[in-house]
Amino acid sequence: MTKITRFAPSPTGNLHIGGVRTALFNYVYAKQNNGKFLIRIEDTDAERSTREFEENIINGLKVLDIVSDETPIRQSERFNEYQEKTNEIINSGKAYYCECSKDRLDEIRSLQQQQGLKPQYDGKCRDLNLEKSENTVLRLKTPQEGASIFNDLIRGEVIFQNNELDDLILVRSDGSPTYHLCCVIDDRLQDITTVIRGEDHLSNTARQIHIQEAFGYPRLEYAHLPLVLGQNKKRLSKRDSVSSVHDYFDQGYLPTSIINMLARLGWSGGDKEIFSIDDLIKDFRIQEVQKGGAIFEPAKLDWINTNHLAALNFDKFKSKILPFLEKFKIDITSKNNSDDILQAMRTSQSTLFGIASDLRPYFHSIDSYDEKAVKKFLLNSKATLEYVQRKLQAIETWDEPSIDGVLSASQLALDLPIPKLNQPIRIAMTGSTKSPSLGLTLSLFEKDEVIKRISAALKYLSENS
RNA sequence: GUCCCGUUCGUCUAGAGGCCUAGGACACCUGGUUUUCAUCCAGGCAACAGGGGUUCGACUCCCCUACGGGAUGCCA
């Protein structure tokens, strides 16, 4: 059967990791069933919704290749539809106007809580047949007996006693429709078959079923995803340091890595750890997702990103790292062996940002040396640097084998442990003790540049010892 | 408080009554490769929340407790 799913964010914050996962599972489920994936902007909260957030969300998903099969609709632009449906439900007698003030509502709630009861509207206006006025809200006449039962693809049968749910508000006193109303109407109007959303909506499902029944709409298929938790075991929220997926993009995580990580969070298809969205469409089963919340661990993302980065062919890698090089003002056209440098350095770190950062010494002059490295290796290495500089200077064919030859000959001649010889040179060239093998590292520079940097290190030594 | 949902190594998970001496992955630790770093390879540490049942047998089924999360809005 063809499935139609939707991702229905409210644009009251940036697209965060949890939202991406919901969107992803909706997308994958639709694609597995020859269906459609839709994005619907639930911006009925005029106070908090912004176009900036809306763009952040849609663009973020686009980068991840999660694209709506139809132009996303905005609930704030569909008030006519809701109005029409609202009239329908009023005429059917399944909703009523309520004039209770917020103060009274607050009062009964705290009273109920004191008595150990579930706080809920007491139905004072339910049978008063009030007319609409400035201060009235429209409430649904929720069945007071019986239970609402639905089958959740992940959890199985879920039961809510109807007396646990109060008469929820469908239309606010300012005339605007609420989330629950719009959601049910749009799901119907868009022929949604399957609702995949966060666990925080579990009790909303019972409420929405009541609205569906008031309208005579058919039941939908539901799957409530466990929440993505932060290190504190609480759900990831906007308060967490890294909340927007865009932050992950900026740090140089590949979109494919983020998808991989999120899918693996709460689901596993055997022992396979590294996979693409196409693999997911092939292997993912919504029924297999874990029921408990999952803590998101950044270290695993690093490892996944390392793998996805390694799987890129060179041209692809190059195009991916380009924007990050720009951040460090690295111009790869400034050198004719840029590709060799990139190739040598592409595994240096687990993110594109990190790699780009490590690339700096190969394109810019060094402005400082790593302090620890200086103390451990550079100090007292004057004679070594001078000797090797002289030997390197004498090389006629500047390539890796010749350089390696000079380095090992020097090591023999000076009778030094290898690090004592190599590290000072490495520091002179890159500012730190980390780089590819020294012969390769040196061959990535022009001979003159190597001589110059060793001179600079010697100058530094004479000034600092 | 009340209702709902959940609970296997630090983390993500495998496990659908005997295949479990509980498997894999990340992280961590130890070696090896690499002249450093990263990569790679080998090995190691480490979990069924607790208590009752049911059963010849329970990580797997049932109940209770504990703990965690969610909901309880004229937010979505």
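What to note about this one:
- Annotation: peptides A:177-189, A:205-217, A:21-33, ranked by per-residue average of other Cβ atoms within 10 Å with the highest first, follow the order A:21-33, A:177-189, A:205-217.
- Cα gyration tensor category, rounded, prolate or oblate, for segment A:78-225 with a/c compared to 1.5: oblate
- Helix content alone sets the calculated 222 nm mean residue ellipticity of chain A: runs of n ≥ 4 DSSP H residues at -39500 (n - 2.57) each, divided across all residues, give -14500 deg cm²/dmol.
- Cβ-based charge dipole, segment A:312-363, positive-most Cα from A:Leu342, A:Leu312, A:Gly354: A:Gly354
- For chain A, A:Cys100, A:Cys182, A:Cys183 have no disulfide-compatible partner, since no other Cys C-beta lies under 4.7 Å from theirs.
- Helix A:102-114 and the longest principal axis of the C-alpha atoms of chain A enclose an angle of approximately 80°.
- Dipole of chain A, positive end: most advanced residue of A:Ala299, A:Gln208, A:Pro72 [Cβ charges, Cα centre]: A:Ala299
- Angle in degrees between helix A:17-32 and the longest Cα principal axis of chain A, rounded to the nearest 10: 80 degrees
- Nearest-20 debye value, segment A:82-199 charge dipole, Cβ charges on Lys, Arg, Asp, Glu: 80 debye
- Accessible-area order (highest first, 1.4 angstrom probe) of the listed residues A:Ser443, A:Ser319: A:Ser319, A:Ser443
- Mean shadow area of segment A:348-389 over all directions, Cα convex hull, nm²: 4.1 nm²
- Percent accessible area from carbon and sulfur atoms, chain A, protein chains only, probe 1.4 Å: 46 percent
- Area accessible to solvent at A:Val406, 1.4 Å probe radius, in Å²: 20 Å²
- Neighbour net charge for A:Gln349 - beta-carbon separation under 12 angstrom, K R +1, D E -1: 0
- When the pairs A:Lys375/A:Lys459; A:Lys391/A:Lys434; A:Lys118/A:Lys141; A:Lys376/A:Lys459; A:Lys118/A:Lys233; A:Lys318/A:Lys372 are compared against a 20 Å limit on Cα-Cα distance, A:Lys391/A:Lys434; A:Lys118/A:Lys233; A:Lys318/A:Lys372 fall above it.
- For chain A, the residue among A:Pro436, A:Pro401, A:Ser257 whose Cα projects farthest onto the positive side of the dipole built from Cβ charges is A:Pro401.
- Under the convention that each Lys and Arg Cβ holds +1 and each Asp and Glu Cβ holds -1, the size of the dipole of segment A:312-363 around its Cα centre is about 120 debye.
- Charge dipole (debye, nearest 20) of segment A:1-47; +1 at Cβ of Lys and Arg, -1 at Cβ of Asp and Glu: 440 debye
- Share of alpha-carbon pairs per 10 Å distance bin for segment A:371-463, given as whole %: 17, 57, 24, 1
- Taking all Cα pairs closer than 8 Å and separated by 6 or more residues, the relative contact order of chain A comes to 12 percent.
- Global geometry of segment A:312-363, whether rounded, prolate or oblate, following the gyration tensor of its Cα atoms and the 1.5 cut on a/c: rounded
- Remark: accessible surface ordering of A:Asp122, A:Asp43 (largest first) is A:Asp122, A:Asp43, probe radius 1.4 Å.
- For segment A:138-238: accessible area per residue (Å², 1.4 Å): 40 Å²
- Grouping the Cα pair distances of chain A into 20 Å bins from zero gives a pair-distance distribution of 20, 38, 23, 14, 5, 0 percent in increasing distance order.
- For A:Lys36, a cut-off of 20 angstrom between C-alpha atoms picks up these lysines, skipping any fewer than 8 places away in its own chain: A:Lys3, A:Lys62, A:Lys282.
- Gyration tensor (alpha-carbon) shape descriptor, segment A:383-434, a/c threshold 1.5: oblate
- The ellipsoid that matches the Cα gyration tensor of segment A:1-94 has semi-axes, each √(5λ) in whole angstrom, of 26, 19, 10, with the longest given first.
- Here is the list for segment A:321-429: trypsin sites (Lys or Arg not before Pro) lying in DSSP coil, each with at most 12 other C-beta atoms within 10 angstrom of its C-beta, are A:Lys329.
- Accessible surface calculations at 1.4 Å, restricted to protein heavy atoms, place segment A:312-363 at 51 Å² per residue.
The values are calculated or read from the model by the stated rules, or taken from the named source; none is laboratory data. What you see is a predicted model, and the numbers here were worked out from it, not measured in a lab. Cβ: placed from backbone, ideal geometry, glycine included. Neighbour counts: every protein chain shown. For accessibility, only protein heavy atoms count, side chains too; no ligands or nucleic acids. Shrake-Rupley method; radii C 1.70, N 1.55, O 1.52, S 1.80 Å.
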